[in-house]
1. Report yes if some residue within region 52-62 is over 30 Å from residue 25 (Cβ atoms) and small (Gly, Ala, Ser); otherwise report no.
2. With respect to the numbered conditions (1) closer than 26 Å to residue 74 by Cα; (2) part of a helix (DSSP H, G or I), which one is the sole condition not fulfilled by residue 116?
3. Take region 126-168 and flag every residue that is open to solvent by 90 Å² or more (accessible area, probe 1.4 Å) and in a loop (DSSP other than H, G, I, E, B).
4. Take region 6-53 and flag every residue that is aliphatic (A, V, I, L, M) and assigned to a strand (DSSP E or B).
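The values are calculated or read from the model by the stated rules, or taken from the named source; none is laboratory data. Please read these numbers as outputs of a predicted model, since none were measured by experiment. Here the Cβ is made from the backbone with ideal geometry for all residues, glycine too, and neighbour counts use every protein chain on show. Quick note on the areas: whole protein, heavy atoms, side chains included, nothing else; ligands and nucleic acids left out. Shrake-Rupley method; radii C 1.70, N 1.55, O 1.52, S 1.80 Å.
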Amino acid sequence: LWNTILLGKEWSGVLLNKKKNGKLYWEKTSISSIIDQYGKITHFVGIKEDISQEIKHQKEIRRTNKKLKKINAEKDRFFTIIAHDLRSPFNTFMGITNLIANEMHNLNDDQLHGLTQSLDKSAHNMYDLLSNLLDWSMVQRGSESFTPEEVNLFEKAEKSIESLIETIYAETSPAGY
């Protein structure tokens, strides 16, 4: 600032200044030198504007944008999980309903009973998965608190394997039921 105005040039910028009462504030400033007829600097003139509120609003906008980006990333993650995790159970469900719709006349009672039991199990699995995804979504938004609980990973893995096996059978033929 001083180097510029002592050369007789105009300086413009933003400063953190202090009022007489000691309170700090942001100001937008433009300072020029006043030069006499001999080329000597005699005075300085400044135009100042208190922009403390503007700076405060800019910080709030940056904070809000950061929050929005985080929320948007969580939303994208949620939709990615939904798209990925719901496909397999829906494929199983659709495969079984397709078999029943197209092969019902070729199925005996035991096969039909097996398919309807698989359909029921698949519907419950989809409901549980959807419920878990919605619970996760509520925890992410802060609508619900996270309360971890023990799970039996062996049982979860067995259910996943059973679901995959059902999907394979449903997509290949009704003979497996």
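1. No, region 52-62 contains no residue that is over 30 Å from residue 25 (Cβ atoms) and small (Gly, Ala, Ser).
2. (1)
3. 146, 147, 148, 149, 150
4. Taking region 6-53 as the starting set, the residues that turn out to be aliphatic (A, V, I, L, M) are 6-7, 14-16, 24, 31, 34-35, 41, 45, 47, 51.
Matches in region 6-53: 14, 15, 16, 24, 31, 34, 35, 41, 45, 47.
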